[in-house]
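Okay, structure first, notes after.
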């Protein structure tokens with residue numbers, strides 16, 4: 001448990017959130033198929049559009065979480081801000097009640113972003129206090 005840092009936990013939350021958001025795409029496609037069978041082609045097109053957006057936003061969340069853990073591990077503030085912005089975009093695009101998986105996933109992405117911002121904030125606070 002001592003090896004569990006904010007960055008590791010943030011990476012896990014970011015991956016989990018991105019996967020949950022991306023898993024909302026098959027759900028949207030299934031609902032779109034039902035709309036198509038029931039004779040509502042506009043609902044089917046809307047569901048297909050939502051599925052593509054879910055895949056893109058979920059992929060971005062996974063990508064930013066991966067960058068935060070690997071390539072940008074020295075820039076946790078940048079990674080955290082990108083994850084927070086991705087979560088906010090997910091909330092704006094998908095709404096609060098649109099897709100439960102996307103909502104829960106965006107919550108995990110937001111938590112991941114906050115966890116990546118914790119360490120730079122602590123360093124800045126201690127630098128201000130000591131200087």
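All of the numbers you see were taken from the coordinates with simple rules; none came from a lab. As the structure is a prediction and not an experimental result, all values here were calculated from the model. For neighbour counting, all protein chains shown are included, and Cβ atoms are generated from backbone atoms with ideal geometry for every residue, glycine included.
Quick notes on this structure:
- Exposure proxy for 83, 88: other Cβ atoms within 10 Å of each Cβ, ordered fewest to most, give 88, 83.
- Shown for 128, 21: other C-beta atoms within 10 Å of each C-beta, ranked fewest to most, produce the order 128, 21.
- Alpha-carbon centroid distance for the pair region 103-117 / region 1-64, whole angstrom: 14 Å
- Shape of region 58-131, Cα gyration tensor, a/c cut at 1.5: prolate
- A Gaussian network model of the chain, with springs between Cα atoms under 10 Å, assigns the largest mean-square fluctuation among 12, 95, 113 to 95.
- Nearest 10 degrees, 0 to 90: helix 6-37 Cα axis against the chain principal axis: 10 degrees
- Ordered by the number of other Cβ atoms lying within 10 Å of each residue's own Cβ, fewest first, 50, 3, 119 fall into the sequence 3, 119, 50.
- Global form of the chain, assessed from the alpha-carbon gyration tensor, a/c cut-off 1.5: prolate
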